[in-house]
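Below is one structure, written out as structure tokens; comments come after it.
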Amino acid sequence: MSIRIQTEDFDLSTEIAALRAQQPQVGAVVSFIGTVRDLNDGAAVTQMELEHYPGMTEKALQQIVEQAQARWAFMDALVIHRIGPLQPTDQIVLVAVSAAHRGEAFAACEFIMDYLKTDAPFWKKELTPDGARWVDARSTDTDARSKWDLKQEKSE
């Protein structure tokens, strides 16, 4: 499992190749890339600034991946999250999961991303023509995360 917080961009092909390297048992790789939008809540976004709490953020991401490992049988996972100033269309986050079968890879990737959006200590500030504003968590992100709690309760 690899977790990286970085300012520099990443290359999807390079990262997926590294995730799959020397693992002939991998039958599926699922990835998600989040990017900066140029519009949010009706306002133009000219830049997004991402901040984090070093040490705490990596630990939180590691715990999220470990929770996913406890639920699904997958071989490896990669989480890269960028910090610093980003422009519209820039990549923010990559979550990739390798598994023997697609079902585990899809579920684990979605779970990791849903928890990352709600539980990881990142702070986002958008620059708009009207000034800077902090971005709060969306209710849709909280709803997406809560479905995993419901699925856990149903399986018990």
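In the chain, helices alone account for a calculated mean residue ellipticity at 222 nm of -12500 deg cm²/dmol, with every DSSP H run of four or more residues adding -39,500 (n - 2.57). On a per residue basis, the convex hull of the C-alpha atoms belonging to the chain measures out at 111 Å³.
Entry comment: accessible area of the chain is 55 Å² per residue, from protein heavy atoms only and a probe of 1.4 Å. Taking every protein chain into account, the 1.4 Å probe leaves Lys147 with about 60 Å² of accessible area, to the nearest ten. Relative protection proxy for 16-28, 98-110, from highest mean packing down: 98-110, 16-28 (other beta-carbon atoms within 10 angstrom).
In a DSSP loop and with at most 11 other Cβ atoms within 10 Å, the GluC sites (Glu not before Pro) in region 1-74 are Glu8.
The values are calculated or read from the model by the stated rules, or taken from the named source; none is laboratory data. A quick note: this is a predicted structure, and the numbers were derived from the prediction, not measured. Every residue, glycine among them, receives a Cβ derived from its backbone with ideal geometry; neighbour counts consider all protein chains shown. Ligands, DNA and RNA are excluded from the accessible area calculation, which covers all protein heavy atoms including side chains. Shrake-Rupley method; radii C 1.70, N 1.55, O 1.52, S 1.80 Å.
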